[in-house]
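Structure, as structure tokens:
The values are calculated or read from the model by the stated rules, or taken from the named source; none is laboratory data. As the structure is a computational prediction, the values presented were derived from the model and not from experiment. Neighbour counts run over all protein chains shown; Cβ positions are idealised from the backbone, glycine included.
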Amino acid sequence: MKRTCVAITGLGSNPDMFARRALQKFANFAAQQRRDVTTIVMGPPGGGKGTISKRMIKDYGYLHISTGDILRQHVRDKTPLGEKAAAFMNSGALVPDQLVIQMVLDELSKHKAEHVLFDGFPRTKAQADELDKHIKIDIALNLEVPTEEIVSRISGRWTHPASGRVYAYDFNPPKVPGKDDVTGEPLIQRDDDKPEAVRKRLATYAEQTAPLIKHYDDKGVLKSFTGDNKPDLVAAGRRSDAIYEAVKQVLDPLHKK
Ligand code: AMP
């Protein structure tokens with residue numbers, strides 16, 4: 001109702017321009033109405049974000065927009081964007097904001113989903129500011145997992161380079177230590193899974209995320225989760241399960257509105 005009033009008072013000497021603006025406003029408004037709950041999930045690499053996202057998609061039917069996954073697909077398909085992005089991704093740097101923002105907007109325009117889950121986006125304050133212009137964020141979930149837990153989890157991870165099969169020594173070890181189950185070939189530890197590299201990736205993550213945490217906290221939509229709500233699950237090595245229980249308590253009421 002309020003929007004209609006604003007439009008009518010804006011009617012001036014250029015009715016065409018007025019009509020275009022009103023239509024654009026209406027289109028923006030309609031696009032926002034279509035998407036019921038828009039959620040961002042932030043969490044350190046190896047902190048269980050993937051597991052939690054999968055459960056959210058299953059329980060609430062989110063459209064999952066993972067910029068890392070979409071970028072990797074562009075690289076595999078050798079699209080012009082993929083060719084530009086590859087060098088940044090290979091060196092562990094962020095892909096420039098403009099490329100990522102355009103890619104996300106293109107992705108959004110392809111779907112009519114009610115609920116959208118952004119994963120790995122935004123990564124910078126500029127991306128967050130731009131996203132705010134297009135969609136209202138209902139909630140930003142921030143997963144907090146102690147560095148040493150992640151270091152030990154990731155550094156227990158071994159890979160079979162030819163197939164990409166991954167083994168974790170604590171919960172899905174290979175049948176023969178150091179050997180791939182299918183081919184018997186040796187497993188390797190990826191350089192970026194070694195403890196020092198993991199600590200470095202985590203420090204970079206913390207540095208990049210700090211301004212985003214403030215951004216969403218200032219907007220009153222930030223919720224942080226540690227899993228400390230269920231110490232028994234954490235002690236049993238199931239921090240993601242503990243976190244998800246708390247996440248559900250926040251998401252259930254939003255989705256019932
Ligand atoms: P991820 O799988 O989310 O860790 O992303 C893998 C790589 O894709 C990152 O190291 C970046 O190079 C790039 N990337 C993913 N999301 C973004 C983003 N929002 N902004 C810039 N670069 C990104």
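Values for this structure:
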quantity	calculated
Single residue of the stretch 115-131 satisfying the filter (surrounded by 14 or more Cβ atoms within 10 Å (Cβ to Cβ) and part of a helix (DSSP H, G or I)) that is nearest to the ligand (Cβ to nearest atom)	Gln127
Hey, Leu202 more than 28 Å from Ala235 (Cα to Cα) and either in contact with a helix residue (DSSP H, G or I) (Cβ under 6 Å, 6 or more places away or on another chain) or surrounded by 13 or more Cβ atoms within 10 Å (Cβ to Cβ) (or both) or not	no
Breaking point among (1) at pLDDT below 90; (2) touching a His at 6+ places or on another chain (Cβ under 7 Å); (3) within 15 Å of the ligand (Cβ to nearest atom), for Gly48	(2)
Residues within the stretch 92-109 that are loosely packed, with under 11 Cβ neighbours inside 10 Å and within 8 Å of the ligand (Cβ to nearest atom), tallied	1
Scope the stretch 128-164; condition within 16 Å of Asp191 (Cα to Cα) and of a type outside the set (S, T, N, Q); matching residues	Ile150, Val151, Arg153, Ile154, Gly156, Arg157, Trp158, His160, Pro161, Ala162, Gly164
Tabulated pairs, the stretch 240-252, first at pLDDT 95 or above, second of a type outside the set (D, E, K, R) and loosely packed, with under 14 Cβ neighbours inside 10 Å, C-beta under 7 angstrom, 6+ apart or interchain	Ala242/Asn229; Glu245/Asn229; Ala246/Asn229
Residue within the stretch 214-231 that is surrounded by 13 or more Cβ atoms within 10 Å (Cβ to Cβ), more than 15 Å from Arg123 (Cβ to Cβ) and aromatic (Phe, Trp, Tyr) present	yes
Helices (runs of 4 or more DSSP H) fully within the stretch 192-257 counting 1 or more residues that are under 21 Å from Phe171 (Cα atoms) and of a type in the set (Asp, Glu)	231-235, 239-256
Test: residue in the stretch 82-89 that is touching a Phe, Trp or Tyr at 6+ places or on another chain (Cβ under 6 Å) and either surrounded by 19 or more Cβ atoms within 10 Å (Cβ to Cβ) or among the aliphatic types (A, V, I, L, M) (or both)	no
Condition met for Leu254 (within 22 Å of Thr51 (Cβ to Cβ) and crowded, with 17+ Cβ neighbours inside 10 Å)	no
